[in-house]
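Let me begin by presenting the structure, written as structure tokens, before commenting on it.
The values are calculated or read from the model by the stated rules, or taken from the named source; none is laboratory data. The model shown is predicted, which means the values in this text are computed figures rather than measured ones. Note that each Cβ is placed from the backbone with ideal geometry, even for glycine, and that neighbours are counted across all protein chains shown. Side chains are part of the model used for accessible areas, which takes the heavy atoms of the whole protein and leaves out ligands, DNA and RNA. Shrake-Rupley method; radii C 1.70, N 1.55, O 1.52, S 1.80 Å.
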Amino acid sequence: MSKQQALFPLEEGEIELGMKLPWTVFTASGQLMMKEGALVDNPRKLDNLLSQGHRERDPATVKVQGEDAPPIDQPQPVRFQEDVNPFAELDELGYQLQAIFERIEHQCVKPGEVERKIYDLATSIQGLVKLDADAVLGAVHLNREHAYIIQHPLHVTIMAALIAKKLQVPQNIQLSMLAGALTQNVGMNAYQMRLHAQREPLTPRQWELVHQHPLEGVKLLSAAGVKDPLWLQVVFQHHEKNNGTGYPKGLKGNQIRPEARIVALGDVYSALVSGRPHRPGMSAQQSLRSIFLERGQQFDPKLSMVFLNELGLYPPGAGVRLRNGEQGIVIRRTSDQKAPLVTSVMDERGELFMRLQQRKTSEYQYNIIGHLNPQDWPRFNPTLLWGIKLRRVS
């Protein structure tokens, strides 16, 4: 296998019973499964290929509905110094995103400005994921510095960047996908906060606006000078569902771009863990279970499992209850999904520790025995939980 090429999962519709393989197929780790030209001559072989098969795809030849994908020489992930505070950096990115949204809304952008600034935000998030993936994933559950219309796309983009890194998606494709994640709801920014705060059921007119926002987003971005076709497709398709029940077109399965399917997973997860006036936020475990149950229905089954495995049973930022009665926040994933590193914040009497305690939950007395809902713990400064309070902002 070429070291210059990444492996991508085979998708339904790419191969059929009785056909000869048009490319060599590997496992996810790069081991040979079947060579190019081999005959797919029985159902068991087909199922095995679809469940485990991956193939090379030259980034320079990836197409987007007949158009070339964005150029390969796109901006690269930002390299942050190790002493940078990732939570403070994310807060700053939120202010930058808010400023871009305001310029789009008031139609006062300069040529190329939106593409350049959104790509800059995307590469910054990639850099923060590389710097400390656990910390930025923790921010998805703990950071509440910004309004939902800013917080939500940042969190979705973090999760999309994690999955793209795991799947070794080429940088030019990643950049378009992350730009789409950052601007997925730009078509409803003008009224999203009002709907977010509404306790009553949406009216028919409000549902119509919601169903139109992907198209409105594409129109706004196109008017603002965005020409990246994959970026626009991600915005247009991020509410389509695997079983065809999504909107605005009711696309299904392989009709939906894989990049849009990744963004859809992060979009739903972020919405579930975020509280609203009419419902509290769900715990990380409840949200992950909801996605697991909808794999193959709402969500792409393979990408769902990649998403779930990447976040883990107890993702950073999740609240947990320990065997000794303490309550804490997960701060690091480990090789054992059942035993992450936790910062305990409350003792067995429910009193806050004067000095936060880190616990290895692989040790019996610190085993995780339950989860906590977001509304069940006080608001914490995540830099304290991660022990990075003295790190600077770049």
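Points worth noting:
- For residue 364, neighbours were defined as the other residues whose beta-carbon sits under 14 Å from its Cβ, and their charges (Lys and Arg +1, Asp and Glu -1) total +1.
- For region 214-273, the solvent-accessible area of protein heavy atoms averages 34 Å² per residue (probe radius 1.4 Å; ligands and nucleic acids excluded).
- Positive minus negative residues near residue 134 (Lys, Arg vs Asp, Glu; Cβ under 9 Å): +1
- Listed residues 314, 269 arranged by accessible area, highest first, probe 1.4 Å: 314, 269
- Straight-distance crosslink candidates among lysines, where the alpha carbon sits under 19 Å from residue 302 and sequence neighbours closer than 8 are dropped: 45, 165, 166, 241, 252
- Given charges at Cβ of Lys, Arg, Asp, Glu: the chain dipole, positive-most of 88, 181, 111: 88
- When 386, 377 are compared by accessible area at a 1.4 angstrom probe, the order from most to least is 377, 386.
- Working note: 222 nm ellipticity from helices only, DSSP H runs with n ≥ 4, each -39,500 (n - 2.57), summed and divided by the residues of the chain, gives -14000 deg cm²/dmol to the nearest 500.
- Shown for region 265-346 is the translational diffusion coefficient from the Stokes-Einstein equation, using the Kirkwood radius over Cα pairs, a temperature of 25 °C and a viscosity of 0.890 mPa s: 181 µm²/s.
- Local electrostatic count at residue 212 - Lys and Arg +1, Asp and Glu -1, tallied over other residues with Cβ under 15 Å: 0
- With every protein chain in place, the chain: carbon and sulfur % of accessible area (1.4 Å): 50 percent
- Charged side chains reduced to their Cβ positions (Lys and Arg at +1, Asp and Glu at -1) give the chain a dipole of some 540 debye around its Cα centre.
- Distance between region 247-310 and region 315-369 - C-alpha centres, whole angstrom: 27 Å
- Longest segment of the chain lacking trypsin sites (Lys or Arg not before Pro) that sit in a DSSP loop with at most 12 other Cβ atoms within 10 Å: 80-198
- Relative contact order %, the chain, counting alpha carbon pairs below 8 Å whose residues are six or more apart: 15 percent
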